[in-house]
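Below is one structure, written out as structure tokens; the observations come after it.
The values are calculated or read from the model by the stated rules, or taken from the named source; none is laboratory data. This is a predicted model, so every value here is computed, not measured. Cβ coordinates were reconstructed from backbone atoms using ideal geometry, including for glycine residues, and neighbour counts include every protein chain displayed.
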Amino acid sequence: MKNIFSAAIIASAALVSCGTVQSVIQNTFPYTANVLVSTGVPANKEVSSTATATNVQTWFGGNNNAQIKDVRIADAKISVVSPTGGNLSALKSVKVYISSTGTNERLVASRSDISTNSSSLNLDLNNAGFLDEVVKSTGVTVRTVYELKNQTTSDMNLKVALNFSSVPVR
């Protein structure tokens with residue numbers, strides 16, 4: 001019994017070591033950006049909105065992105081976050097680009113021919129190549145290009161949520 005207890009303590013200590021925790025935390029990490037679709041936006045015309053993306057590291061004032069590599073987009077979702085609710089039925093298409101403070105822009109997700117009355121939608125991923133140089137920078141910018149089917153009758157707040165996967169640098 002004593003040996004089992006000792007083995008459990010040693011195993012627990014190994015699991016919470018810095019390298020293991022960092023590996024688990026850094027395996028996937030999110031970035032979010034907000035987009036305002038105003039009532040004056042015309043239908044059938046592409047409109048661009050740019051925002052600085054935030055992730056959990058920027059919330060706590062750190063940047064451990066130097067400890068990761070082979071960064072790829074793992075998941076992309078757009079959702080309505082308006083206080084009055086709403087759905088994505090007004091959207092015709094959406095494209096999401098990320099860049100490092102406006103340079104090295106890369107398309108990471110998109111969706112055409114949107115036909116949903118849902119308040120959220122998973123986007124199609126563009127997984128061509130690694131995104132290390134963008135995500136390791138200090139200022140990640142998300143540019144959302146959208147097109148409406150018809151003009152909205154009220155402002156619509158959208159949240160773009162991007163999840164990236166990586167492996168730790170060893």
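Is at least one residue of segment 103-119 modelled with pLDDT of 95 or more, in contact with a Ser or Thr (Cβ under 7 Å, 6 or more places away or on another chain) and buried (at least 16 other Cβ atoms within 10 Å of the Cβ)?
So far as segment 103-119 goes, yes, one or more of its residues are modelled with pLDDT of 95 or more, in contact with a Ser or Thr (Cβ under 7 Å, 6 or more places away or on another chain) and buried (at least 16 other Cβ atoms within 10 Å of the Cβ).
For segment 72-105, which positions are of a type in the set (Val, Ile, Thr), in a strand (DSSP E or B) and touching a residue at least 40 places away in the same chain (Cβ under 8 Å)?
Result: ILE73, ILE78, VAL80, VAL94, VAL96, ILE98.
Which one of the conditions (1) crowded, with 17+ Cβ neighbours inside 10 Å; (2) over 22 Å from VAL37 (Cβ atoms); (3) small (Gly, Ala, Ser) does ALA76 fail to meet, given that it meets all the rest?
Exception for ALA76: condition (2).
How many residues are farther than 22 Å from ALA43 by Cα and of a type outside the set (Val, Ile, Thr) if we restrict to segment 123-159?
So the count comes out to 13.
Take segment 121-138 and flag every residue that is in contact (Cβ under 8 Å) with a residue 12 or more places away in the chain and more than 14 Å from the chain's Cα centre (by Cα).
GLY129, PHE130, ASP132, GLU133, LYS136, SER137, THR138
In segment 80-102, which residue that is polar (S, T, N, Q) and within 19 Å of THR52 (Cβ to Cβ) is modelled with the highest pLDDT? Give the derivation first.
Of segment 80-102, the ones polar (S, T, N, Q) are 82, 84, 87, 89, 93, 99-101.
Narrowing the set further to residues that are within 19 Å of THR52 (Cβ to Cβ) leaves 99-101.
Working: SER99: 92, SER100: 86, THR101: 73.
For segment 80-102, the residue satisfying everything is SER99.
Of all residues in segment 92-104, which are charged (D, E, K, R) and either under 15 Å from the mean Cα position of the chain (by Cα) or more than 21 Å from VAL47 (Cβ to Cβ) (or both)?
Residue satisfying the conditions is LYS95 alone.
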